[in-house]
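Structure record follows, encoded as structure tokens.
The values are calculated or read from the model by the stated rules, or taken from the named source; none is laboratory data. Not measured: the values here are computed from a predicted model. Positions of Cβ are backbone-derived with ideal geometry, glycine not excepted, and every protein chain shown enters the neighbour counts.
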């Protein structure tokens, strides 16, 4: 069974840092495009970042230069390093896999999703 | 950046009703559109991708159509488990973006 389990969310002060983790099981994480998507309370989802199967990365402008997506192939785990956090970064952060393997035109469809990990930025 | 809008923002409906949700993109996205269903406290669930392809396991009462900038999600006969919030998402270009959502609640 394909499963994604996020962790690392916490309450942090503005300007602080956090590292989110996403442990994958049931598939090889490095074979797929992987994404982070966040959702503020009562709002729609917002795409944050992605990493390709070959390791290229992209970011939303709102997090570029502050967030870094990476993965540990040996641990089959995805990460999101978040620095210089602001109150606008407060959200539930989801780890999401691309629906299909690269070359199947499914890199940017989101399925499955993890359960999310909550990041709260507040003084 | 491509902005996504949805209408209506909410709709009250009854079991058995036909419900149609509209999604509009600020630029042409060809057929690079997906629909997700989200229930309270749960992660979004992929329903339809590439405008009209049903994800495995999604009931056939769900259908999607459109092209260019205008798209629709139709539920042909609303079931109790369909009361949820629905989001469209474009995958034509970065940044990937979602619509603001349409909530279907019980009339």
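Looking at A:70, A:56, which is the one that is more than 21 Å from residue B:43 (Cα to Cα) and within 11 Å of the chain's Cα centre (by Cα)?
Numbers: A:56 fails: within 11 Å of the chain's Cα centre (by Cα).
Step by step, each of A:70, A:56 is checked, and only A:70 is more than 21 Å from residue B:43 (Cα to Cα) and within 11 Å of the chain's Cα centre (by Cα).
Looking at residue B:1, is it at pLDDT 95 or above and more than 14 Å from the chain's Cα centre (by Cα)?
Answer is yes for this residue.
Please report, ordered by residue number, the strands (runs of 3 or more DSSP E) entirely within the stretch A:11-109 with at least 2 residues that are closer than 30 Å to residue B:5 by Cβ and touching a strand residue (DSSP E or B) at 6+ places or on another chain (Cβ under 7 Å).
Passing ranges, in order: A:34-39, A:45-51, A:57-59, A:67-72, A:77-82, A:91-98.
Which one of A:29, A:4, A:92 is within 10 Å of chain B (Cβ to nearest Cβ) and more than 26 Å from residue A:123 (Cα to Cα)?
Just one listed residue meets the conditions, A:4.
Quick one: would you say residue B:10 is more than 14 Å from the chain's Cα centre (by Cα) and at pLDDT 95 or above?
On the way: more than 14 Å from the chain's Cα centre (by Cα): no; at pLDDT 95 or above: yes.
Answer is no for this residue.
Among the residues of the stretch B:29-64, write down those that are within 10 Å of another protein chain (Cβ to nearest Cβ) and assigned to a loop (DSSP other than H, G, I, E, B).
B:32, B:41, B:42, B:43, B:44, B:50, B:55, B:56
Among the numbered conditions (1) exposed (fewer than 13 other Cβ atoms within 10 Å of the Cβ); (2) at pLDDT 95 or above; (3) out of contact with any helix residue (DSSP H, G or I) (no Cβ under 9 Å at 6 or more places or on another chain); (4) under 30 Å from residue B:103 (Cα atoms), tell me where residue A:42 comes up short.
If we test residue A:42 against (1) exposed (fewer than 13 other Cβ atoms within 10 Å of the Cβ); (2) at pLDDT 95 or above; (3) out of contact with any helix residue (DSSP H, G or I) (no Cβ under 9 Å at 6 or more places or on another chain); (4) under 30 Å from residue B:103 (Cα atoms), just (2) comes out false.
Just the residues that are more than 14 Å from every other protein chain (Cβ to nearest Cβ), outside any strand (DSSP E or B) and surrounded by 14 or more Cβ atoms within 10 Å (Cβ to Cβ), please, taken from the stretch B:69-107.
In the first step, residues of the stretch B:69-107 are kept if they are more than 14 Å from every other protein chain (Cβ to nearest Cβ); the result is B:69-83, B:104-107.
Still in the list and also outside any strand (DSSP E or B): B:69, B:76-83, B:107.
Residues satisfying the conditions are B:69, B:76, B:78, B:82, B:83.
One residue is enough: does the stretch B:13-27 have a residue meeting the conditions within 9 Å of chain A (Cβ to nearest Cβ), closer than 25 Å to residue A:57 by Cα and in contact (Cβ under 8 Å) with a residue 12 or more places away in the chain?
In the first step, residues of the stretch B:13-27 are kept if they are within 9 Å of chain A (Cβ to nearest Cβ); the result is none.
No, because not a single residue in the stretch B:13-27 is within 9 Å of chain A (Cβ to nearest Cβ), closer than 25 Å to residue A:57 by Cα and in contact (Cβ under 8 Å) with a residue 12 or more places away in the chain.
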